[in-house]
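What follows draws every value from the coordinates through simple rules; no lab data is involved. It should be emphasised that the depicted structure is a prediction, and the values quoted were computed from it without experimental measurement. Cβ coordinates were reconstructed from backbone atoms using ideal geometry, including for glycine residues, and neighbour counts include every protein chain displayed.
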Amino acid sequence: MEGDLEDVVRILAQNRWPWRLHATYDETISRALDVFERVNQDIPLDGLHWFFDHAETISDESIDRTLALGGGVAIQHRMAYQGEYFVGRYGLGAAESTPPFARMLDKGLPVSAGTDAPVSLLTIPGSRWRGLSPAARSVGFASIRSATAWTVRPRCACGVKKSPGSRMRKAARAASQPASSLT
């Protein structure tokens, strides 16, 4: 995985194109971060607004590494709909802090909500708000609203008929602005 990923990330970084990598578990995240750090030595990643999607078991070390490289995390509502499977596999203790909203926000990591939104918004009515409820319980609704305002609204406003690239470009532009300027 690492060799192919490094080739792709180098092309993205050279062209200053933002990217998102679907990575649910820290085992994958830490391997990807090894690659991103190697690329960053040659081609700085600052300002690219790249994200890990999901990151449900991201460790404190990976949060710090992601922040140092200028990345962020886009969470989804999987725990609201499939949490019992996670509890069965990892236990209740691990599920209580998955994904680690408060730790990510406390460390200053950019966090957004609503990954896989076109799929979930079409198949699960009201899923956007159900997905935010665990975050609101974890760190408070006001914090979640200010941290994620730029991702929830543009994704809904652009509709599902536009290409994924246009949604990514819009989210990347919004990521560079303070959330307060987009409300």
Which order do the peptides 78-84, 19-25, 50-56 take when ranked by the mean count of other beta-carbon atoms within 10 Å per residue, highest first?
-> 50-56, 19-25, 78-84
Grab the Cα-Cα distance for Glu84 and Ser59, subtract it from 0.36 nm times how many residues apart they are, and report the gain in nm with one decimal.
-> 6.9 nm
Where a ≥ b ≥ c are the square roots of the eigenvalues of the C-alpha gyration tensor, would you call segment 1-118 rounded, which needs a/c under 1.5, or, failing that, prolate if a/b is larger than b/c, or oblate?
-> prolate
